[in-house]
Amino acid sequence: MVLSKVNIISARILLRITVAVVGVVCCLLTVLLVEPELALRVVRYGGYFFTLVTSVVFVVYLVLSSRSLLLCWDVPRSQIVFGSLSVILGSCFVFAHADFGYKMAMDDYLLVGTAKGLHLDKEVALTQTGSFFGKTFVADEVLVDKRPWFYPFMVACLHDLIGYRSANPFIVNAVTAVLFLGGVYVFGCLLAGQMAGLLSVLLWSSLPLLAQNATGGGMEMLNLLMLQVVALLAVFYLRKPSLSLEGALSLAAVLLTYTRYESGVFVIAVAVVILLGWLRERQVLLAWGTVLAAPLLLGVVLQTSIYAASESSWEMMPGTSAPFSVENMLMNIPHALGFFFSGDDMLANSLLLSILGFIGLIAFLVLARRELSTYWSKNPAGLVTLLFGCFLLLHLGVVMSFHAGQLDRPFVSRYALPFHWILVFSLIAVLGNVSARWRQVWQIFCVLTVLFIVTFTLPMNSKAIFSKTNFRVRELNWLEAISENQFKPRSLIIDRVPIPWALRDWVAIEPQVALLNVHRITQDVVSKKYPEVFLVERMHYDGDGFVADSPVIVNLQEVFKMELLEERSFRPFELTRLYRLTGYRAPN
Amino acid sequence: MFRYNPYRLGLMFVSVLVSLYIGFLAFEPVEAIRILRYGGYWLMLGTFTLLVLNLFKRSQVDWKAVCTKRELWLWPLAYILITSAIVLLLQPSGYKIVMDEPVLATVAQQMHAERAVLTGVRGYEVNGVFHLLDGYVDKRPYFYPFLTSLLHDLTGYRPMQGVVLNGLLTPIFLSLMFVVGQLLERRWGGYLAVGLIVTVPLLAMNANSGGFDLLNLVMLLGTALAAYSYLRSPNTLRMNTLILMGILLAQSRYESVLYIFAIGLVVGVAWWRKREVELSWVAILAPLLLISFPLLRGIVNTNDAFWQLEEGMASPFSLNFIAGNLEHASSYFFANNLDQPNSLLVSVLFLLSLVVLSVLLFMRRFSSCLEGSGSLVYIVFTMVVLINFALFLAYYWGQMDDIQATRIGLPFIVLQVLVIIAAFGELRLDRFAGPTLATVIALFFVTVTRPLCAKSDFLPFGSAQQAVQWIHQKSAELKGQSVLFISDRYVVPLINQCSSIMSSDAIEHKDRIEFHQRLKTFSDVLVIAIVPTERANISQNELFTEALDVNIALNEAFELELIEEEKLNDAVYIQLSRVTGVRLGDTPPITIDTSDISVLPSGQMDFKSGVAVQAFVRSLP
């Protein structure tokens, strides 16, 4: 009887191992053999379903493991109240100066455009240019973006639930930020107790980069939440390994990979955690979630392989030879130090977190050698901190070896967001040890952090120089305001940047296209297809006056008569002009 | 024989010597300005944090017991909330004293944004970010701007945050008033004290303004209560509360520094009673935490402009002013017209109370309901309030019936109310006396105070206050539109985070304006001018002649196109004009080297060396 049971279990495991191996092999073959065009089609039409299936199965696993989660973390009511108050306090700090809006042009627009495509057509594609077919705005030309699409997927789900709204991307990020702080509190508690949870939340709140991303339309906030979810599931799994927790953990890692390009490195960390769980249980569990992980990753792997092969998608700067290299990393180290230890308000760093965090990180790595057995036997959160810390160092290394990985550039700083996870929790782990001998350490650090938040973080968030200096976003907001108030509906816009227009259902074409279709545009205006035509011109100052950035605009000005509608300089020496086309100049 | 810790006493001695040296001897005014500008905020933050931590330690309250004794606080709480709402609805919100309050607001703005004690004089919104580029350290104590800046930090920047702060301080002030009143007369004192002070429209004016006078009252009553609490049961924690409250009170208004002597006396008495010189670390630090006061005074004393003295006046204080100012004070206290925010009821009852107290004293029936500690605090703080009021009367601008100066008498008015309550308590009338007086107060409020406040805001018609309100409204409307304002009320657009410079600077640097017109740095350059009408008596009004001179100079320097004008009163218009051209005359146009600027293939500008950017910043008008 016993023997037959063992055989049945072995047969079950064998089947799962076989399916898993077949899945991995199929994935590899697909990546190697499928042509880029077909791969692009798979991503475009199948991408939505990859994330949908993964998310649904992940939720099922979470529900299945909720019982063991609750059993493994028996929380008194007072701690729930304390935790809730900590998260509310942290959220108040993060959102005290909330200015919801796009922070990164064009990344945020592309993500939101993809979300619209996922919502309307269930396709991983965004409209580049569109036109009206009856009353409906239909896409004429679409783009499959290089960015992973779990964030657009979440935004699309919200669109599905409450209807399409331009505010939905920001709602997703705001909710994500609050959930993230909740996760941070729980992880801090697991690592070193209740006060550690509070201090973890406060340390994160001291980081303006978090507030910037919590109020923006980018994918960084969700990436951070998924990282925290994976870390928490890893702790719970290591405390009491089970099939349901393993499945949830594997699928969380898949979703994390669908959130940001380089988050794929955590798949290895999760694999290590799963192996440690097996070791702890002295048994191979292998949930179906783990078995399915490789096939479910196919979408993002295909997308990455397509864009990795295309040089243009790396947006290489002049003078750089490879997108990733050791030279890049060496050159980017001073920039990284410049970001982490910046004392002015141009960058969204937290000097307090950097100073304490780096000291904490070194101390933690030293301490970990001594505490490793304690972590293994009593505190898996310490073990996860150590393991994820190593992968976050690797992650930072990857970011810094990227040719555009200068963290002290306001629009690159966000890549450093995940690394703050290890700065916070290594400090918490060290203070956990200190508190055994000196109990007041938590109060002192909490008061210090609150003072820092009030005197540095909140003023920085209020000024938000690191966001406002993105003049392109301000320019697009200005154009949006003018178009809402002054343009006749269904007008044609000629602009070098058509995607934000298409996002708001305006027919927009690039100047080159307009120049090639002069007669058609003229006819369309005469036939009242377009009630008005507008041209956006970007100029720079050359010492004598402003000249157009693009010669195509000058050519268009020779062909069309136009009147200046508005002009505004969004940063020194630059000018954006908006013209209304008033007629056609027949060639002499 | 006194007990003492010799090390702490030695440290205290060193702390006093170091503070005296730093405060009075070590630094020239220029250095003092730099210290205050960059260090003032941190000094204030340190003191405030110590106070918050101290109060937190003292607030280990048994909340369950508090909840069960609801009858103790429920009615007073309801009463204070209702009276606070009444006070806040009595007068319109906004700046009342238009030099002081916008200046305090810009200091708060700078403390919030840069942690610097600085009053802005020119600022620009460039590249989407507002920068204050120039300023000076003002004479005004900066505890109020500090609290306003904290409110900015916690709830986001608002130009009218000072008004919000005063709104929040109102229930705190009335609560303190209630507690002090209750201490003076146990049954009705709190209710009567709050009722009486509410009949004074000056309180409502300040509660709805952006000035620091309400905070001064809060700190005054809070310090008095801390002194009372300390004397009743002296310990280190209570002494620290008293000292920290006193330090912050000293930085709430110019003359409030005198309360330091009162606090010193109270602490001395406590030591005497205990026969012990008890020195906490806060007490040792206290002289160092106060150094900003002598530094600020040093700066003010070297700059005559801060005193705003009239021509031929040698000193701002003189005994010769007292007689005249007493007449003005009596004209305020006993006014019965729309011009003065006074309470005739408080003034009359105060006189009666003085008579009653004198008679009781004469008849030796005077025995305050306060025990020894309370009486001592009452007498000591009364003395300082009276000294301050005497100083005010000896001040050249101490005319209490001048609305710019009336608020300086607020502590004295609070004292009047407390004297009335003390006299009422001493009379020990039957149980109907309290409700009767309360009815009188309510009737006076309904029949006199409320109609008075409904009819008047007590500000002169067509004054600078309306001009400031108008500029505030315009700059709020144009915020974020990259507009540059040129006006003599340059602070108001700055508070709204709009680019703004003084008219004189614009005229002096008209070539820079012309250059930035070419660069399109500002979407519009707007001039705000005060224009006297033909009916205005220009020759007899210095402000009008100055305005006319500025307008002529502006018209000579710029081509202006009138956009909007509004009548402030029969004598004055305010105009908003657009600069359409600059009359450079012989001044050569500005050019800068832009050879290091290029356009990247992505369409973005590439500033290689930053030379052009630096030149851009230097060329701002």
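Would you point out the residue of region A:567-581, among those that are more than 9 Å from chain B (Cβ to nearest Cβ) and of a type in the set (D, E, K, R), that is surrounded by the fewest Cβ atoms within 10 Å (Cβ to Cβ)?
Residues of region A:567-581 more than 9 Å from chain B (Cβ to nearest Cβ): A:576-581.
Now drop any that are not of a type in the set (D, E, K, R), which leaves A:577, A:580.
Working: A:577: 19, A:580: 17.
Selected residue: A:580.
How do the helices (runs of 4 or more DSSP H) wholly within region A:72-183 filter down when requiring 3 or more residues that are on the phi > 0 side of the Ramachandran plot and in contact with a Cys (Cβ under 9 Å, 6 or more places away or on another chain): which remain?
Values: elements: A:77-95, A:107-121, A:150-162.
Those helices (runs of 4 or more DSSP H) do not exist here; none qualify.
Specify which of the listed residues (A:451, A:427) is over 30 Å from residue B:130 (Cα atoms) and either at pLDDT 95 or above or surrounded by fewer than 19 Cβ atoms within 10 Å (Cβ to Cβ) (or both). Explain how you work it out, then say what you get.
Working: A:451 fails: over 30 Å from residue B:130 (Cα atoms).
Exactly one of A:451, A:427 is over 30 Å from residue B:130 (Cα atoms) and either at pLDDT 95 or above or surrounded by fewer than 19 Cβ atoms within 10 Å (Cβ to Cβ) (or both), namely A:427.
Yes/no per residue for (1) within 23 Å of residue A:302 (Cα to Cα); (2) at pLDDT below 90:
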{"residue": "A:3", "(1), (2)": "no, yes"}
{"residue": "A:6", "(1), (2)": "no, yes"}
{"residue": "A:35", "(1), (2)": "yes, yes"}
{"residue": "A:42", "(1), (2)": "yes, no"}
{"residue": "A:46", "(1), (2)": "yes, no"}
{"residue": "A:51", "(1), (2)": "yes, no"}
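Inside region A:30-62, can you point out the residues that are more than 17 Å from residue A:257 (Cα to Cα), in a helix (DSSP H, G or I) and either touching a residue at least 60 places away in the same chain (Cβ under 8 Å) or of a type in the set (D, E, K, R) (or both)? Working first, answer last.
Start the filter on region A:30-62 by keeping residues that are more than 17 Å from residue A:257 (Cα to Cα), which leaves A:30, A:32-42, A:44-45, A:60-62.
Restricting the remaining residues to those that are in a helix (DSSP H, G or I) gives A:30, A:32-33, A:36-42, A:44-45, A:60-62.
Passing the criteria: A:30, A:36, A:37, A:39, A:40, A:41, A:42, A:44, A:45, A:61, A:62.
For region B:29-49, give me each residue that is of a type in the set (Ser, Thr, Tyr) and closer than 18 Å to residue B:104 by Cβ. Even if it seems obvious, please write down each step before you answer.
Of all residues in region B:29-49, those of a type in the set (Ser, Thr, Tyr) come to B:38, B:41, B:47, B:49.
Residue satisfying the conditions is B:41 alone.
If we only count helices (runs of 4 or more DSSP H) wholly inside region B:291-372, which ones have 1 or more residues that are touching a helix residue (DSSP H, G or I) at 6+ places or on another chain (Cβ under 8 Å) and exposed (fewer than 15 other Cβ atoms within 10 Å of the Cβ)? First the steps, then the outcome.
Values: elements: B:292-301, B:320-333, B:344-362.
The qualifying helices (runs of 4 or more DSSP H) are B:320-333, B:344-362.
Taking the condition of being among the aromatic types (Phe, Trp, Tyr) and more than 9 Å from every other protein chain (Cβ to nearest Cβ), how many residues in region A:453-480 meet it?
2
Tally up the residues in region B:104-123 that are in a strand (DSSP E or B) and either within 14 Å of another protein chain (Cβ to nearest Cβ) or free of Cβ contacts under 8 Å to residues at least 24 places away in the same chain (or both), please. I'd like the intermediate steps shown before the answer.
Step one: of region B:104-123, the residues in a strand (DSSP E or B) are B:119-123.
From what's left, either within 14 Å of another protein chain (Cβ to nearest Cβ) or free of Cβ contacts under 8 Å to residues at least 24 places away in the same chain (or both): B:123.
Selection size over region B:104-123: 1.
Which residue out of A:556, A:516, A:503 is in contact (Cβ under 8 Å) with a residue 60 or more places away in the chain and either at positive phi or more than 31 Å from the chain's Cα centre (by Cα) (or both)?
Step by step, each of A:556, A:516, A:503 is checked, and only A:556 is in contact (Cβ under 8 Å) with a residue 60 or more places away in the chain and either at positive phi or more than 31 Å from the chain's Cα centre (by Cα) (or both).
Would you pick out the residues in region B:268-289 that are loosely packed, with under 13 Cβ neighbours inside 10 Å and not in a loop (DSSP other than H, G, I, E, B)? Even if it seems obvious, please write down each step before you answer.
Start the filter on region B:268-289 by keeping residues that are loosely packed, with under 13 Cβ neighbours inside 10 Å, which leaves B:268, B:272-273, B:275, B:281.
Selection gives B:268, B:272, B:273, B:281.
Considering only region B:505-531, state which residues are assigned to a helix (DSSP H, G or I), among the hydrophobic types (A, V, I, L, M, F, W, C) and more than 10 Å from chain A (Cβ to nearest Cβ). Step through it out loud before you land on a result.
We begin by selecting, within region B:505-531, every residue assigned to a helix (DSSP H, G or I); these are B:505-508, B:510-519.
Within this subset, residues satisfying the condition of being among the hydrophobic types (A, V, I, L, M, F, W, C) are B:506-507, B:513, B:515, B:519.
Hits for region B:505-531 are B:506, B:507, B:513, B:515.
Here is a check on your reading of the model: is residue A:404 touching a Phe, Trp or Tyr at 6+ places or on another chain (Cβ under 9 Å), assigned to a helix (DSSP H, G or I) and over 18 Å from residue A:268 (Cα atoms)? Lay out the reasoning, then the answer.
Values: touching a Phe, Trp or Tyr at 6+ places or on another chain (Cβ under 9 Å): yes; assigned to a helix (DSSP H, G or I): no; over 18 Å from residue A:268 (Cα atoms): yes.
Taking the combined requirement at face value, the residue does not satisfy it.
Please count how many residues of region A:481-492 are free of Cβ contacts under 8 Å to residues at least 60 places away in the same chain and within 14 Å of another protein chain (Cβ to nearest Cβ).
Residues of region A:481-492 free of Cβ contacts under 8 Å to residues at least 60 places away in the same chain: A:481, A:483-485, A:487-489, A:491-492.
Next cut, within 14 Å of another protein chain (Cβ to nearest Cβ) only: A:481, A:485.
Residues meeting the conditions: 2.
If I ask for residues that are of a type in the set (Val, Ile, Thr), crowded, with 24+ Cβ neighbours inside 10 Å and within 14 Å of chain A (Cβ to nearest Cβ), which ones from region B:128-156 would you list? It would help to see each step written out before you state the result.
Just the residues of region B:128-156 that are of a type in the set (Val, Ile, Thr), to begin with: B:129, B:137, B:148, B:155.
Going one step further and asking which of them are crowded, with 24+ Cβ neighbours inside 10 Å, we end up with B:137, B:148.
B:148 - this is the single residue of region B:128-156 that is of a type in the set (Val, Ile, Thr), crowded, with 24+ Cβ neighbours inside 10 Å and within 14 Å of chain A (Cβ to nearest Cβ).
Could you check region B:483-496 and list, in sequence order, the residues that are buried (at least 22 other Cβ atoms within 10 Å of the Cβ) and either within 14 Å of chain A (Cβ to nearest Cβ) or not small (Gly, Ala, Ser) (or both)?
Of region B:483-496, the ones buried (at least 22 other Cβ atoms within 10 Å of the Cβ) are B:484-487, B:489-496.
Across region B:483-496, the qualifying residues are B:484, B:485, B:486, B:489, B:490, B:491, B:492, B:493, B:494, B:495, B:496.
Please count how many residues of region B:532-550 are outside any helix (DSSP H, G or I) and surrounded by 14 or more Cβ atoms within 10 Å (Cβ to Cβ). Walk me through it before giving the result.
In the first step, residues of region B:532-550 are kept if they are outside any helix (DSSP H, G or I); the result is B:532-541.
Those left that are additionally surrounded by 14 or more Cβ atoms within 10 Å (Cβ to Cβ): B:532-533, B:536, B:538, B:541.
Total satisfying the criteria: 5.
For region A:470-588, list the strands (runs of 3 or more DSSP E) that sit wholly inside it and hold at least 3 residues that are touching a Pro at 6+ places or on another chain (Cβ under 7 Å); which are they? Give the derivation first.
Values: elements: A:492-494, A:507-509, A:533-541, A:546-548, A:560-568, A:574-584.
In region A:470-588, there are no strands (runs of 3 or more DSSP E) which contain 3 or more residues that are touching a Pro at 6+ places or on another chain (Cβ under 7 Å).
Which residues, counting only those in region B:151-163, are touching a residue at least 12 places away in the same chain (Cβ under 8 Å) and in a helix (DSSP H, G or I)?
Applying the first criterion (touching a residue at least 12 places away in the same chain (Cβ under 8 Å)) to region B:151-163 yields B:151-153, B:157, B:159-163.
If the condition is that a residue be touching a residue at least 12 places away in the same chain (Cβ under 8 Å) and in a helix (DSSP H, G or I), then B:151, B:152, B:153, B:161, B:162, B:163 are the ones that fit.
Quick check on this structure: which one of A:424, A:450 is in a helix (DSSP H, G or I), touching a residue at least 60 places away in the same chain (Cβ under 8 Å) and within 14 Å of chain B (Cβ to nearest Cβ)? Steps first, please.
Numbers: A:424 fails: within 14 Å of chain B (Cβ to nearest Cβ).
Result: A:450 is the single residue among A:424, A:450 that is in a helix (DSSP H, G or I), touching a residue at least 60 places away in the same chain (Cβ under 8 Å) and within 14 Å of chain B (Cβ to nearest Cβ).
The values are calculated or read from the model by the stated rules, or taken from the named source; none is laboratory data. Owing to the predicted nature of the structure, the values given are computational and were not obtained by experimental measurement. Reconstructed Cβ throughout: ideal geometry from the backbone, glycine too, with neighbour counts over all protein chains shown.
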